[in-house]
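What follows is calculated from the coordinates using simple rules that are stated; it is not laboratory data. Only a predicted model underlies this, so the values are computations on that prediction, with no experimental measurement involved. Glycine also receives a Cβ, built like all others from the backbone with ideal geometry; neighbour counts cover every protein chain displayed.
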Amino acid sequence: MRRIISSIIMLSLITMISSRPGKAADAPGGKILIVHSYDRNFAWTADIHDALERMLSRRRIELRTVFMDANINRDEESLTAAGQKAAEMMRSFRPDVVIASDDDAQQYFAARFAGDSSAPALVFCGVNQDPARYGYPAFNVTGVVEKLAWSESLKLLRRLCPDVRRVAVLLDSRSSSLAAVGSMRASTPADIEAEWIIVDTYEKWRKLIDASGSTHDALAITTCHGLTDAEGRIVPGPEVMHWTREHAGLPSVGFFDYTVADGALCGVIQTGFEHGTLAAGMALRILDGERAGDIPIVSTTQGLTMFNLKVARKLRIDIPEDLLQEAAALVE
């Protein structure tokens with residue numbers, strides 16, 4: 001089901017993003033190294049990588065990929081070793097462009113090469129922190145900042161549930177999750193009472209969901225991929241969301257396609273496909289001769305409306321026809 005939804009979203013994004021004429025398939029290629037913070041099976045990373053491969057396959061480009069698995073191995077030693085592995089790959093492969101996705105790939109790998117005249121051009125995507133934290137922009141760096149459509153998603157939710165006032169915002173404690181809080185606070189409507197709740201364990205998450213009906217009107221689910229079980233193992237995000245879908249009695253918003261697909265009611269979502277498509281487009285422009293630092297960093301993305309009809313039926317919420325017509329994807 002998620003792959004069908006992703007395909008629909010991908011088609012929407014191709015229409016909106018890929019209208020710029022491309023070079024012919026026999027145009028000069030190049031070498032690109034892709035460094036992902038997370039593992040290949042994480043939905044966000046998988047979608048970024050699929051979009052990169054789709055866009056870059058139009059040219060004769062030699063690709064190498066490193067997955068740092070930072071969502072699985074969170075200790076400092078593992079993250080440092082993963083960043084070193086990526087740096088060693090870069091030195092041996094000698095790419096023309098490096099594409100680095102999400103914050104850990106910047107912190108533990110790419111940031112050290114910003115402004116380095118001996119380093120390749122860098123394109124980042126999926127970055128939550130202020131790019132300045134990593135020394136961006138620089139003459140050899142451009143990329144895509146990840147910005148949650150918080151106020152837009154709240155407006156969408158209130159078109160379905162006008163009485164929503166008290167919102168519990170749930171997030172895990174990863175640095176990329178915490179980075180979004182500042183901009184969300186700044187864009188919270190004056191009549192919304194939002195409470196940001198950091199959750200580290202699956203047990204605490206379930207207790208909060210069970211109790212939320214007496215304290216809040218709605219849930220906002222930012223991230224849930226860093227929760228651990230009683231043995232300290234990471235609980236898969238889809239498992240967390242499937243449990244949430246079955247047990248939450250409140251309407252919820254999500255900010256990524258997989259969050260809504262797995263159990264949130266609705267959201268104005270961004271996707272890994274969009275970040276990957278934009279990053280690949282920047283990389284191709286660099287291969288065609290543009291300097292990375294002359295390509296503006298993108299800090300806002302398109303945002304697509306998405307509804308989970310199964311959740312709407314469970315909560316007995318009717319979605320008006322005009323809203324259904326606005327949606328880029330519907331989950332049945």
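Details
- Inter-label distance for Lys314 and Glu246, nm, one decimal - labels placed 7 Å from Cα along Cα-to-Cβ: 0.9 nm
- Taking the Cα centre of segment 207-289 as reference, the dipole from Cβ charges on Lys and Arg (+1) and Asp and Glu (-1) amounts to some 140 debye.
- Available extension along the chain between Asn41 and Ala132 is 29.8 nm, counting 0.36 nm per residue and deducting the alpha carbon span.
- The C-alpha atoms of the chain define a longest principal axis, and helix 43-56 lies at about 40 degrees to it.
- Listed residue (Ala81, Leu278, Ala70) projecting farthest to the positive dipole end of the chain, Cβ model: Leu278
- Computed over segment 110-235, relative contact order equals 24 percent, with contacts defined as Cα pairs under 8 Å that lie 6+ residues apart.
- Crossing angle, helix 150-160 versus the chain [Cα axis fit, 0-90 degrees, rounded to tens]: 40 degrees
- The largest-to-smallest principal axis extents of the Cα set in segment 30-98 are 38, 28, 11 Å.
- Simple label model, 7 Å out from Cα along Cβ direction - Thr228 to Arg94, nm: 4.3 nm
- Here the extension length gained between Glu321 and Ile72 equals 85.5 nm, from 0.36 nm per residue of separation less the Cα-Cα distance.
- Computed helical MRE - 222 nm, the chain, DSSP H runs ≥ 4 contributing -39500 (n - 2.57), nearest 500: -11500 deg cm²/dmol
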